[in-house]
1. Which value in nm describes the separation of the simple spin-label points at Ala62 and Leu33, placed 7 Å from the Cα toward the beta carbon?
2. Return the distance in nm (one decimal) between the two label points of a simple spin-label model at Lys367 and Asp40, each offset 7 Å from Cα along Cα→Cβ.
3. Each residue of region 306-312 in order: what ³J(HN,Hα) in whole Hz does its phi give by Karplus 6.51 cos²θ - 1.76 cosθ + 1.60, θ = phi - 60°, with x for Gly and Pro?
4. If you keep only loop residues by DSSP, which chymotrypsin sites (Phe, Trp or Tyr not before Pro) in region 89-119 have at most 13 other Cβ atoms within 10 Å of their Cβ?
5. Post the alpha-carbon centroid distance, region 25-39 to region 192-246, in whole angstrom.
6. So how much slack lies between His322 and Leu123, counting 0.36 nm per residue of separation and subtracting their Cα-Cα distance, in nm?
7. Specify the inter-centroid distance of region 297-363 and region 89-125, based on alpha-carbon positions, in whole Å.
8. Roughly what % of DSSP beta bridges within the chain run antiparallel, to the nearest 5?
Amino acid sequence: MDEMEIFLLKLDIYTLMLLALFGYLLGFLTLSLTWMTHRDMPGTGLWWLGSLLAVIGQSGFAMQLLTTSAVGLWVGNVFLITHVALMVASLRRFFALPPAWRVWWGGVLAFAVLMAWAFYVELAVSVRIVLSSLAFLAWGSTSVWLLWQHGREDSPLASRLFMAVMALIMALTLLRMGLLSVETVGSPFRRQLVNVIPYISMLVGGYLSSIGFLLLCTERRNMMLRELALRDALTGVFNRRGLHHELGRQLTNEPMMLAMLDLDDFKLINDCFGHDTGDRVLQSVAQTLSQQPGLLVGRFGGEEFVLLAQRPDGKAAALCQHLCRDIADMRIDGLPITASIGMDWLQPGETLDEALRRADKALYQAKLSGKNRVCEWTADLPDVTRASGMAIPQSSP
């Protein structure tokens, strides 16, 4: 083999090194734009830092163009593994999970020390490949698990892309480890499949992983905007549109309890104590209602809330009575608060507005019957003396 052939073989490997570096640079630029436009998203800064470390790590490999020092190889291995580890830390923060920094730092430092020892005692190239491959597989599989557990419902496109990229790189890593049993690796710069695979992995993963995180942020932003469109800004419960949307996901072939809750004499609170106090009352009532398991809560305007739940007949009335008692026990700035509830059933196949009209009549009857009570709709509700309202004992102040 003459010198020209040797040069071409080296050029192939080094070209792949430079292409992988270019891929990481593109990923870094993408992450920089992501950080600037989605700075409020948790984990963005960590992901950006990881991308920067990936550029530095790949630059360490590219240093072999100028020198054969093992320092560049150590920097490449350690910084790239730290990059993958920061992906895990970023995803944990993105999904609002505890950071587990002790485990993170322990893993990163252990790998850095182990690789320093491996270069110092001049372990075989194949052994160093196994060490770095196992570290990558550990952090990479953790990333896939986090995306599978926490991202596939809220961010399906980004999570699938991300998991596909990581699965491809891990498959290539396993293939590389398998090749060690059939190929003798004398140098990391020889044109061998075992040496080519990692740069192909870096070229693909360096850029696509940054695209995956950008998609995660974009899908999270879109979800937040949808939530804002479906939620009442003051109380955080569903608005009319949001309740219709959520109800469509939970409808079954069974009747569903529907209740309209109206705060008694709420206008007096606003007039006598100010709208700030009124807002605090609404927020506290909404929080109390939202804490009830299995209860859909919507605010349709003013002091009126709509409640939906899958409850048997007897338990539905008991739930409404319980809510009335909870509200009567509340004190906002020392003010006693009570509510009246009109209850009926949303039947399979009918619209929400049809059931709301009946519940509204029952609510009106509860108001006429003395307030702070539950009234269930009946066909003869216009006859006040035959109403089925049930008074709720007033809690002592």
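1. That separation, rounded to one decimal, is 2.0 nm.
2. In this crude spin-label approximation the distance works out to 3.7 nm.
3. Going residue by residue, I get 10, 10, 9, 7, 8, 9, x Hz, with x marking Gly and Pro.
4. On the way: sites: Phe94, Phe95, Trp101, Trp104, Trp105, Phe111, Trp117, Phe119; in loops: Phe95.
Taking region 89-119 and a limit of 13 other Cβ atoms within 10 Å, no loop chymotrypsin sites (Phe, Trp or Tyr not before Pro) are found.
5. First find each Cα centre; the distance between them is then 15 Å.
6. Numbers: separation 199, 0.36 × 199 = 71.64 nm, distance 7.11 nm.
Contour length minus the Cα-Cα distance gives 64.5 nm.
7. For region 297-363 versus region 89-125, the Cα centre distance is 54 Å.
8. 85
The values are calculated or read from the model by the stated rules, or taken from the named source; none is laboratory data. Please read all numbers here as calculations on a predicted model, not as lab measurements. Cβ: placed from backbone, ideal geometry, glycine included. Neighbour counts: every protein chain shown. For accessibility, only protein heavy atoms count, side chains too; no ligands or nucleic acids. Shrake-Rupley method; radii C 1.70, N 1.55, O 1.52, S 1.80 Å.
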